[in-house]
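Visitor: Sharing a structure below in structure tokens format, with a few things to ask.
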Amino acid sequence: MINDAKINRRELLKIVPGALCLAYAQSSLSTEGAVKKVSLAEQKSIAYNQFITLYSDGRIVFANHLPEMGQGSLHTTLTILAEELDVDVDQVDFYQSDVNREHYGDQTSWGSKSTKDSWERCRVLAATVRHMLMEAAVNTWKIPLNECSTQSGRVLNHLSGKSFTYGQLANSASYLIPPKSISLKNKSEYKQIGKPQKRRDNQAKINGSAIFGMDVKVPGMLAASVTRCPYFHGEISSYNRQELLSIPGVVDVIETQMQVLPFTRRGIAIIAKDFYTANEARKYLRIKWEKIDKTLDSSDIYHHFEEQVNKTGITLEANGNIEALAELDTQDASLNLSQSYFCPYQAHACMEPLNATAHVTENHCELWAPIQAPQWTQDALANLLGLKWQQVKINVTYLGGGFGRKSIPDFCLEAAYLSQKLQKPVKVIWTREDDITQGPFRFASLNHLQAKLTEEGEIESLTHTIIAQDQANQIEAQNPNSAEKYITNGITDYAIANRAYKFNRQFNKIPISWFRGVYAPNNAFAHESFIDEICAQTHQNPMTVRLKLLAHKPRHTRVLKALSNLVNWNEKSKCGCGKGIAITELAGCVSAHCVKVSYFSGKLKIDKVVSVIDCGIIINPDTVKAQNEGGVLMMIKDIKYSGIQIKSGAAVESNFDDYPIPTITDMPLVETLILDSDVSPQGVGEAVHLPFLPALANAIYEASGKRIRQLPFDIDFA
């Protein structure tokens with residue numbers, strides 16, 4: 001990897017003669033006109049994205065413009081690039097690009113779209129480079145293009161046996177006009193895509209050379225530890241500033257006021273020459289808060305949710321005979337089913353706590369931070385500091401986990417605000433307690449489902465009502481009759497003629513934000529559990545029912561049939577054992593899980609998880625498996641440990657002792673089957689873990705007769 005901390009890319013280009021650099025028009029994915037040669041002299045004036053640089057010494061360098069937070073998107077993108085370039089992935093170097101919306105377009109890493117969005121763009125770019133190199137070679141050899149080929153970074157002459165390295169052709173190719181259209185490799189020609197590979201970023205993370213936000217050091221840098229109101233949205237009444245200033249090593253004490261989504265968070269920052277001193281001094285802070293709200297309490301919130309079950313809310317989707325949805329059969333209660341499923345607030349608890357380093361001068365701001373949305377951060381900093389976004393330079397480091405939390409720039413704003421006040425670089429580090437108690441959290445929700453059944457066990461009608469806060473409308477709804485388009489994510493599209501999805505928006509002062517899958521995990525838990533409850537009440541096979549209701553979805557049925565065969569679904573479970581299934585679709589990825597459990601003497605053990613995934617063309621199967629296994633472990637946290645409780649207006653849990661995360665001993669055996677596909681790569685990270693939770697709940701029911709409708713589960717684990 002090129003260390004751009006020592007020499008930046010543009011400087012490198014200037015000193016290396018004969019470099020070939022291509023730019024890709026962000027506005028179009030068509031090949032024609034999308035690729036344009038950029039001479040080195042024109043580098044600074046090109047208003048296109050720039051991703052590939054080929055040097056005369058043979059080096060190929062990729063500018064990674066998206067944050068890598070551990071999900072593996074960097075390596076998958078390198079693989080796509082290497083495949084079309086016809087070089088080994090290890091021959092492609094990379095560096096984290098600068099943040100520039102004019103050159104790179106959207107640089108936000110969210111929604112499981114990094115690889116999905118890079119697929120065609122990288123293929124076109126790389127294939128064009130390869131074509132131009134071949135053209136440069138045939139111009140020298142005076143042979144037709146079809147009499148040469150490429151292999152491992154060389155252009156080969158079929159007639160003479162001669163060859164050129166890409167580096168030898170870099171200069172002459174740079175004078176050629178890029179083709180208006182380009183042929184991409186067929187799937188059958190792939191040498192690296194689809195094969196397990198070791199990720200390029202692993203080595204740096206193992207040997208410690210990878211730079212995370214916490215590793216950033218800037219000359220003259222100060223460190224800050226910030227105490228924020230433990231209650232949601234309180235204001236500062238008084239504090240012992242002079243006493244704190246007398247502590248050796250403390251440089252300053254400054255009040256902060258940060259915007260966190262629609263809310264304002266206030267705090268006291270203690271700044272010192274190092275974080276240890278600042279954080280130790282924080283222990284001596286005595287602060288009084290006012291205008292705090294101590295009325296918020298989890299039990300009241302949950303009770304209020306339950307009261308909303310029969311309220312009208314917003315109808316998000318309605319099909320068929322709506323009247324049939326509302327009128328349950330009063331003659332035979334067995335033909336009706338109605339259940340609620342509750343999920344509590346969750347803290348992201350990324351392994352790398354929030355941190356940011358900022359250096360603000362009169363007309364400039366430079367930031368170093370592990371962030372998912374660099375351009376959102378750039379805008380937020382510019383707004384805070386009264387600068388233009390062009391005056392804000394963002395340096396994206398590796399992220400030690402993100403899960404949506406690091407797309408919110410509040411911690412970056414804190415660092416910039418303090419740096420502006422002090423006119424020195426300042427690094428803000430959140431403690432684990434800050435991270436878990438302050439949020440914003442994944443919202444709590446109550447999903448209420450109601451079904452009317454026929455005497456034959458068919459689902460005549462079904463309503464699914466989501467009762468939760470709306471993160472896009474946390475204070476008040478801009479449009480009371482609409483909601484975020486993602487709110488029904490995670491609800492499987494079963495062929496039920498009469499069905500309705502509803503949303504009952506809730507308001508309170510608890511800040512909420514994006515979290516892996518956002519609404520989908522809670523919705524999937526409820527919907528897939530409810531389908532099984534219907535099967536249990538009507539004595540039907542859950543696999544058979546799902547296959548019947550998803551007959552119109554060929555990808556879903558293929559996944560289910562593969563899972564059924566893999567786990568011998570129709571084989572009866574032994575006494576005390578159970579297996580459950582669930583299937584979901586998100587970000588274009590269809591995945592189904594079968595969870596096998598055993599339940600003896602009041603102890604539950606997850607014996608095995610079998611997953612079948614259709615995520616389109618697979619770039620690196622190891623990455624897909626890792627995402628699935630990581631997702632399972634994350635869901636085990638929700639099942640076994642999770643839940644932020646609110647008491648007297650503040651979060652109760654504060655660290656891993658009372659908000660623990662799973663350890664290696666919690667991890668069950670996970671078997672992952674990835675189905676072959678000709679569909680372009682789809683999202684994986686947020687999709688593959690969704691079925692685990694309902695599949696586990698369904699398995700527990702078969703093993704123990706206990707139906708899980710509230711998280712965390714109240715069954716002991718072995």
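The values are calculated or read from the model by the stated rules, or taken from the named source; none is laboratory data. Computed from a prediction, not measured in an experiment: that's the story for all the values here. Note: ideal-geometry Cβ built from the backbone for every residue, glycine included; neighbour counts use all protein chains shown. These accessible areas exclude ligands, DNA and RNA; they are computed on the full protein's heavy atoms, side chains included. Shrake-Rupley method; radii C 1.70, N 1.55, O 1.52, S 1.80 Å.
Visitor: Of the residues in segment 122-139, how many are open to solvent by less than 10 Å² (accessible area, probe 1.4 Å) and among the polar types (S, T, N, Q)?
Guide: Summing the residues that are open to solvent by less than 10 Å² (accessible area, probe 1.4 Å) and among the polar types (S, T, N, Q) in segment 122-139 gives 1.
Visitor: Return the total of residues in segment 508-545 being more than 20 Å from Ser340 (Cα to Cα), free of Cβ contacts under 8 Å to residues at least 40 places away in the same chain and either aromatic (Phe, Trp, Tyr) or not in a loop (DSSP other than H, G, I, E, B) (or both).
Guide: So the first thing to find is which residues in segment 508-545 are more than 20 Å from Ser340 (Cα to Cα), and the list is 508-517, 539-541, 543-545.
Remaining after also requiring free of Cβ contacts under 8 Å to residues at least 40 places away in the same chain: 541, 543-545.
Checking which are either aromatic (Phe, Trp, Tyr) or not in a loop (DSSP other than H, G, I, E, B) (or both) leaves us with 543-545.
So the count comes out to 3.
Visitor: Another one. Please find, among Ala718, Ala695, the residue that is at pLDDT 95 or above and of a type in the set (Gly, Ala, Ser).
Guide: Numbers: Ala718 fails: at pLDDT 95 or above.
Just a single option satisfies the conditions, and that option is Ala695.
Visitor: Tell me which residues, restricted to segment 631-661, are of a type outside the set (D, E, K, R), open to solvent by 20 Å² or more (accessible area, probe 1.4 Å) and assigned to a loop (DSSP other than H, G, I, E, B).
Guide: Once the filter is applied, which keeps residues that are of a type outside the set (D, E, K, R), open to solvent by 20 Å² or more (accessible area, probe 1.4 Å) and assigned to a loop (DSSP other than H, G, I, E, B), segment 631-661 yields Gln645, Ser648, Val652, Ser654, Asn655, Phe656, Pro660, Ile661.
Visitor: Quick one: which residue in Leu385, Leu381, Leu418, Leu399 is touching a residue at least 40 places away in the same chain (Cβ under 8 Å) and closer than 14 Å to Val360 by Cβ? Let's see the steps before the verdict.
Guide: Details: Leu385 fails: touching a residue at least 40 places away in the same chain (Cβ under 8 Å); Leu381 fails: touching a residue at least 40 places away in the same chain (Cβ under 8 Å); Leu399 fails: closer than 14 Å to Val360 by Cβ.
Answer to the selection: Leu418.
Visitor: hydroxyl-bearing (Ser, Thr, Tyr) and within 19 Å of the chain's Cα centre (by Cα): which single residue out of Thr463, Thr397, Thr454, Thr431 fits that description? Give the steps one after another, and end with the answer.
Guide: Values: Thr463 fails: within 19 Å of the chain's Cα centre (by Cα); Thr454 fails: within 19 Å of the chain's Cα centre (by Cα); Thr431 fails: within 19 Å of the chain's Cα centre (by Cα).
From the options Thr463, Thr397, Thr454, Thr431, the qualifying one is Thr397.
Visitor: Would you please name the residue that is modelled with the highest pLDDT, looking only at residues in segment 173-205 that are open to solvent by less than 70 Å² (accessible area, probe 1.4 Å) and polar (S, T, N, Q)?
Guide: Selected residue: Gln192.
Visitor: While we're on this one: Check Thr264, Thr256 and return the single one that is open to solvent by less than 20 Å² (accessible area, probe 1.4 Å) and of a type in the set (S, T, N, Q).
Guide: Working: Thr264 fails: open to solvent by less than 20 Å² (accessible area, probe 1.4 Å).
Answer to the selection: Thr256.
Visitor: So is Lys142 over 18 Å from Ser56 (Cα atoms), without any contact (Cβ under 8 Å) to a residue 40 or more places away in the chain, touching a Leu at 6+ places or on another chain (Cβ under 9 Å) and not polar (S, T, N, Q) or not? Write out each step before concluding.
Guide: Values: over 18 Å from Ser56 (Cα atoms): yes; without any contact (Cβ under 8 Å) to a residue 40 or more places away in the chain: yes; touching a Leu at 6+ places or on another chain (Cβ under 9 Å): no; not polar (S, T, N, Q): yes.
No; evaluated as a whole, the condition is false for this residue.
Visitor: Now for a different question. For segment 206-216, state whether one or more residues are at pLDDT 95 or above and touching a Lys or Arg at 6+ places or on another chain (Cβ under 8 Å).
Guide: Yes, because at least one residue in segment 206-216 is at pLDDT 95 or above and touching a Lys or Arg at 6+ places or on another chain (Cβ under 8 Å).
Visitor: Which of the residues spanning segment 368-402 are in a strand (DSSP E or B) and either in contact with a helix residue (DSSP H, G or I) (Cβ under 6 Å, 6 or more places away or on another chain) or at positive phi (or both)? Quick ask: steps written out before the conclusion?
Guide: Taking segment 368-402 first, the residues in a strand (DSSP E or B) are 368-369, 392-396, 398.
Within segment 368-402, Ala369, Val392, Ile394, Val396 qualify.
Visitor: Of all residues in segment 350-367 being open to solvent by 10 Å² or more (accessible area, probe 1.4 Å) and more than 16 Å from Tyr417 (Cβ to Cβ), which is farthest from the chain's Cα centre (by Cα)? Lay out the reasoning, then the answer.
Guide: If we filter segment 350-367 for residues that are open to solvent by 10 Å² or more (accessible area, probe 1.4 Å), which is where we start, we get 351-353, 359, 361-364, 366.
If we keep only those that are more than 16 Å from Tyr417 (Cβ to Cβ) as well, we get 351-353, 363.
Details: Met351: 14, Glu352: 15, Pro353: 16, Asn363: 34 Å.
That would be Asn363.
Visitor: Another question about this same structure. May I ask you to verify whether Val155 is without any contact (Cβ under 8 Å) to a residue 24 or more places away in the chain and assigned to a strand (DSSP E or B)? If you could, list the steps in order and put the result at the bottom.
Guide: Working: without any contact (Cβ under 8 Å) to a residue 24 or more places away in the chain: yes; assigned to a strand (DSSP E or B): yes.
It is true that Val155 is without any contact (Cβ under 8 Å) to a residue 24 or more places away in the chain and assigned to a strand (DSSP E or B).
Visitor: If you scan segment 683-718, which residues turn out to be open to solvent by 40 Å² or more (accessible area, probe 1.4 Å), in contact (Cβ under 8 Å) with a residue 24 or more places away in the chain, part of a loop (DSSP other than H, G, I, E, B) and over 11 Å from Ser529 (Cβ atoms)?
Guide: If the condition is that a residue be open to solvent by 40 Å² or more (accessible area, probe 1.4 Å), in contact (Cβ under 8 Å) with a residue 24 or more places away in the chain, part of a loop (DSSP other than H, G, I, E, B) and over 11 Å from Ser529 (Cβ atoms), then Pro712, Ala718 are the ones that fit.
Visitor: All but one of (1) surrounded by 18 or more Cβ atoms within 10 Å (Cβ to Cβ); (2) closer than 22 Å to Ala82 by Cβ; (3) touching a residue at least 40 places away in the same chain (Cβ under 8 Å); (4) not aromatic (Phe, Trp, Tyr) hold for Cys148; which doesn't?
Guide: Just one mismatch for Cys148, condition (3).
Visitor: Quick one: how many residues across segment 83-112 are closer than 21 Å to Ala373 by Cβ and not hydroxyl-bearing (Ser, Thr, Tyr)? Please lay out each step first, then the result.
Guide: The first filter runs over segment 83-112 and keeps only residues closer than 21 Å to Ala373 by Cβ, leaving 94-112.
If we keep only those that are not hydroxyl-bearing (Ser, Thr, Tyr) as well, we get 94, 96, 98-103, 105-107, 110-111.
The number of residues fulfilling the criteria is 13.
Visitor: Could you give every pair whose Cβ atoms fall below 7 Å, whose first residue belongs to segment 92-119 and is closer than 20 Å to Ile80 by Cα and of a type in the set (A, V, I, L, M, F, W, C), and whose second residue is assigned to a helix (DSSP H, G or I) and open to solvent by less than 20 Å² (accessible area, probe 1.4 Å), counting only separations of at least 6 or pairs across chains?
Guide: What qualifies is Val92/Leu78; Val92/Leu81; Val92/Ala82; Phe94/Leu74; Phe94/Leu78; Trp110/Ser407; Trp119/Ile80.
Visitor: Cys594 - would you say it is open to solvent by less than 30 Å² (accessible area, probe 1.4 Å) and part of a helix (DSSP H, G or I)? Reasoning before the result, please.
Guide: On the way: open to solvent by less than 30 Å² (accessible area, probe 1.4 Å): yes; part of a helix (DSSP H, G or I): no.
No; evaluated as a whole, the condition is false for this residue.
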